[in-house]
Amino acid sequence: MVGEIIAGLLFSSMALLADGLHMALHATALMISAFAYFYARRHAHDESYSFGTGKVGTLAGYSSAILLVMFALVMVVESGERFLHPVAIAFNEAIVVAMIRQVAIDAVDEGIKCEVLAYKIVT
């Protein structure tokens with residue numbers, strides 16, 4: 001994710017930059033949700049929350065949506081700027097980074113499938 005963002009900036013690749021920011025958004029949303037969950041659990045019996053902490057998760061979802069809109073606006077502005085003022089893209093280097101990412105994702109996916117299959121065999 002960080003590598004894609006850096007490579008996208010270095011090689012002027014909107015595809016790598018957009019994918020890296022997209023994955024960064026997922027990671028950020030996951031952290032926000034985890035924080036909201038633990039915060040709500042910690043303060044679940046706190047009397048100062050008149051109606052409980054149930055809305056903390058909703059606020060986390062709203063915050064994630066706001067971040068999504070902000071990331072989308074950054075991508076729209078950057079794409080528009082590149083449309084009006086084209087830049088040279090280092091295609092060969094960008095493709096290598098994209099291939100490395102895809103191989104890594106496939107390896108993780110295959111590992112997850114093997115764990116699920118092993119679990120099904122054991123149970």
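The values are calculated or read from the model by the stated rules, or taken from the named source; none is laboratory data. Predicted model only: the values in this text are computed from it and were never measured. Quick reminder, even Gly has a Cβ in these numbers, built from the backbone with ideal geometry, and neighbours come from all protein chains shown.
Mind listing whichever residues of the stretch 54-91 are within 18 Å of Met31 (Cα to Cα) and β-branched (Val, Ile, Thr)?
Val56, Thr58, Ile66, Val69
For the stretch 35-55: of the residues being surrounded by 15 or more Cβ atoms within 10 Å (Cβ to Cβ) and in contact with a Gly (Cβ under 9 Å, 6 or more places away or on another chain), which is modelled with the lowest pLDDT?
It comes out as Ala40.
Out of (1) part of a loop (DSSP other than H, G, I, E, B); (2) in contact with an Asp or Glu (Cβ under 6 Å, 6 or more places away or on another chain), what's the single condition that is false for Ser12?
The number of the failed condition is (2).
Tell me whether the stretch 45-62 contains one or more residues that are among the β-branched types (Val, Ile, Thr) and under 16 Å from the mean Cα position of the chain (by Cα). It would help to see each step written out before you state the result.
Of the residues in the stretch 45-62, the ones among the β-branched types (Val, Ile, Thr) are 53, 56, 58.
Now drop any that are not under 16 Å from the mean Cα position of the chain (by Cα), which leaves none.
No, that holds for no residue.
Table: residues versus (1) assigned to a helix (DSSP H, G or I); (2) at positive phi; (3) touching a residue at least 24 places away in the same chain (Cβ under 8 Å); (4) in contact with a strand residue (DSSP E or B) (Cβ under 6 Å, 6 or more places away or on another chain).
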site: Ala7; (1), (2), (3), (4): yes, no, yes, no
site: Leu17; (1), (2), (3), (4): yes, no, yes, no
site: Ala27; (1), (2), (3), (4): yes, no, yes, no
site: Ile32; (1), (2), (3), (4): yes, no, yes, no
site: Ala44; (1), (2), (3), (4): no, no, no, no
site: Gly52; (1), (2), (3), (4): no, yes, no, no
site: Ala88; (1), (2), (3), (4): no, no, yes, no
site: Ala98; (1), (2), (3), (4): yes, no, yes, no
site: Asp106; (1), (2), (3), (4): yes, no, no, no
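Out of Ile5, Ile66, Ile32, I need the residue that is exposed (fewer than 13 other Cβ atoms within 10 Å of the Cβ) and under 16 Å from the mean Cα position of the chain (by Cα). Which one? Show your work before the answer.
Values: Ile5 fails: exposed (fewer than 13 other Cβ atoms within 10 Å of the Cβ); Ile32 fails: exposed (fewer than 13 other Cβ atoms within 10 Å of the Cβ).
The unique qualifying residue is Ile66.
On the given criteria, is Ala104 surrounded by 10 or more Cβ atoms within 10 Å (Cβ to Cβ) and at pLDDT below 90?
Numbers: surrounded by 10 or more Cβ atoms within 10 Å (Cβ to Cβ): yes; at pLDDT below 90: yes.
For Ala104, the condition - surrounded by 10 or more Cβ atoms within 10 Å (Cβ to Cβ) and at pLDDT below 90 - is met.
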